[in-house]
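In what follows, a single structure is set out as structure tokens and then discussed.
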Amino acid sequence: MTARSLPPLRAGVLLPLLALISCGDSAPTASANVPDPRTLTPRDGWSSRFTFRDPAARSPRFPAPAGGWYLMPLHGHLLPTGKVMLHGYARDGLGDGGTKPHTLQNDAGWLLDPADPRLAATSDGDLPAQVFYPPTAASPGDPNGLNRRDDQSDWEFSEALLCGGHTYLSDGTLFYSGGTAFMPDDDPAVPPHPRDHGDLIAVGTARGARFNPWNTAVGTTRAGWSLGPDGQLGRRYYPTNTRLPDGRIVVSSGYFDTEEYPNPSVEVFDPARNSWAPLVPSIRPGEELAADDPRQHLFPSAQDYVHAFLLPQPWRAGQPAGNTLERQVALLGVTGRVLLLSVNGGPGLDRVFVPPGGRRPASSTDPFDWRAEGSTSVLLPDGRLLTLGGSDSAGLGGRADIYDPRPSSPTFDTWASFPLCDAAGACASRYQASALYLPDGRVAFLGGRRQESDWASGHSSEMERVVDARATRDERSPGFIDWRTRRVTFGSPWPDDLVRTQHAITLLLPDGRVLIAGGRRVYCEPSCADEQPTMRIYRPAYLDPVLAPWRPRLGALTNDATGGAFEAHHGLPVLPLGAQVRVPITTAAPPAPAAAMRFALVGLGSITHRFDQNLRYVEVPHAPAANGYRLTLPAEGAVLPPGPYMLFAVETVVTGVGPVDVPSVASFVMVR
């Protein structure tokens with residue numbers, strides 16, 4: 001079942017979310033009058049548009065402007081508490097496509113409750129946010145990082161977590177690496193040729209920081225945040241974090257300063273020891289790399305927010321010929337080349353391996369041959385890598401490509417391509433879209449837009465060009481990929497014509513809805529930054545209230561071996577790898593046959609710049625049991641890395657427009 005096969009919504013109609021929230025949180029009753037689902041036509045829809053504003057004055061020099069500060073999100077996280085944390089900066093205006101508003105605060109965070117009844121409003125409006133400010137690294141005279149200078153107009157040194165990398169640790173806390181330092185342009189510590197942000201220079205940082213979502217004072221200044229030791233291999237602006245089965249975090253990619261000097265090193269953070277260890281050595285100033293040095297590939301291919309994945313099936317030594325080590329992590333950078341990392345043992349150049357067939361297929365209309373620039377990627381449940389979209393509208397932008405890194409597969413180390421077109425011939429072409437999983441296992445992509453090939457790489461002299469700031473219907477419509485069949489479908493477009501690119505945030509919410517927030521309307525760095533301080537929530541067709549009788553409801557999870565409760569971590573059940581879990585299921589409709597039920601564990605979203613560094617979808621085997629089902633979790637940490645997840649039950653219902661996979665409200669769990 002896909003939204004594309006549904007009748008379109010009437011123009012101007014916004015479906016209220018209050019009914020959606022109620023149908024997710026209210027227990028079904030056995031006496032409900034359940035219709036024949038084959039007579040139903042479920043529909044998707046969008047919420048109203050909400051604007052984030054902070055009415056408080058945050059600077060002694062600048063009072064709050066009329067209406068408050070606009071809050072511009074760049075990073076988004078679904079917390080294991082069920083709330084959403086958005087992280088960005090505060091500005092005194094929206095920008096008009098040619099001017100850059102004054103930035104007051106470079107680390108503004110705010111919390112949202114997806115069940116907030118204000119989100120059911122049927123008209124657009126402001127959404128006052130619960131604002132707080134994370135701590136940043138120490139600045140001169142401030143060794144503890146507690147009395148930061150946030151105001152850029154002070155022309156003082158400051159550091160921010162903005163443009164850092166992030167993923168969850170195995171205990172459910174959030175780990176940030178890197179970020180941005182702002183300093184006067186005459187500072188001797190600034191490397192040569194950095195990017196100039198007005199009177200300040202922006203460079204990377206080596207900082208590590210943690211956020212505890214269960215801190216009881218979260219929502220107040222700096223609550224829940226703690227600073228850690230600096231990384232050992234230099235500053236990183238635009239790094240990527242990847243969680244390993246043993247809880248360590250691989251930190252890769254980024255720049256020493258913003259988009260001038262890439263940092264080709266790789267290092268590992270060990271949260272148990274609160275320490276860093278090098279994996280792939282960095283380079284020395286002026287160092288010339290040999291032609292066979294694997295860091296040659298890390299320079300162009302793993303620069304900004306490399307798409308990095310823990311592989312469910314590691315490569316063994318000898319797979320393929322020439323590989324001498326086990327490889328556990330795959331990197332996909334802007335050139336479209338896949339690199340394989342070995343994460344065990346000491347540092348060395350042999351930690352990087354270049355697979356012979358690992359580069360994304362080219363496009364004949366791409367003049368720059370940057371085959372993954374502007375793309376987004378996910379790890380598929382079967383262990384393959386899917387990347388979609390890109391900078392060349394006529395080629396890469398309208399295509400999805402799947403790379404097979406599974407050594408046991410007959411298509412090992414090869415790519416397969418298909419167009420982003422539905423059965424009726426409607427096609428999408430996306431540059432800077434974002435991807436996520438729906439509870440039913442489909443890959444959804446939202447935001448982005450078509451891109452013109454003459455400046456497609458984002459690195460040409462045309463970068464200053466301001467494009468049309470109005471989104472087409474195609475660019476406003478969410479797309480869905482059934483990765484098993486490669487079937488592509490599309491949903492209803494959001495009601496306004498706002499473009500959402502680059503910094504747009506997309507998150508799967510625990511009730512199955514999808515939040516989209518922020519994003520640029522135009523691409524015109526560095527002269528302007530037209531960010532959007534707004535959000536909407538998408539309601540897929542599987543959440544149409546007409547399907548409420550078939551929506552599964554999860555009961556308390558118990559240990560199938562003992563019949564008792566699992567150990568709890570901040571109130572969440574702790575499920576060991578390989579555990580058998582008893583799950584009670586109830587619906588208002590008659591119980592579904594076992595073949596109609598599926599279960600999945602979905603990683604909590606942690607996204608920035610189009611890539612979710614915590615995204616994972618793991619199908620969970622199940623069998624019927626008394627009053628529900630017995631689930632058997634994977635026993636391998638490479639398949640299911642320990643950490644926080646959402647557990648969904650999904651029931652397939654045959655409606656008047658075909659099968660629809662109806663998800664439960666998720667239960668938050670910890671896997672260890």
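Read the figures in this text as sums done on the coordinates, not as results from a lab. From a predicted model like this one, the values you see are computed outputs, not experimental measurements. Cβ atoms come from the backbone with ideal geometry, glycine included; neighbour counts cover every protein chain shown.
Of the peptides 654-667, 622-635, 535-548, the order by per-residue mean of other Cβ atoms within 10 Å, starting with the highest, comes out as 535-548, 654-667, 622-635. Based on alpha-carbon centroids, what's the gap between the range 290-349 and the range 354-406 in Å, whole number please? Answer, in whole Å: 16. The dipole here belongs to the range 297-441: it is taken about the Cα centre, uses +1 on the Cβ of Lys and Arg and -1 on the Cβ of Asp and Glu, and is about 260 debye. Anisotropy class assigned to the range 235-362 is rounded, per the alpha carbon gyration tensor with a/c under the 1.5 cut-off.
Most tightly packed first, judged by the mean number of other beta-carbon atoms within 10 Å of their residues, the peptides 338-351, 110-123, 434-447 read 434-447, 338-351, 110-123.
Remark: the range 538-645 projects, on average over all directions, an area of 8.6 nm² (convex hull of Cα atoms).
Sort 368-374, 305-311, 38-44 by packing, meaning the average of other beta carbons within 10 Å per residue, with the highest value first.
Sorting 368-374, 305-311, 38-44 by mean packing, highest first, produces 305-311, 368-374, 38-44.
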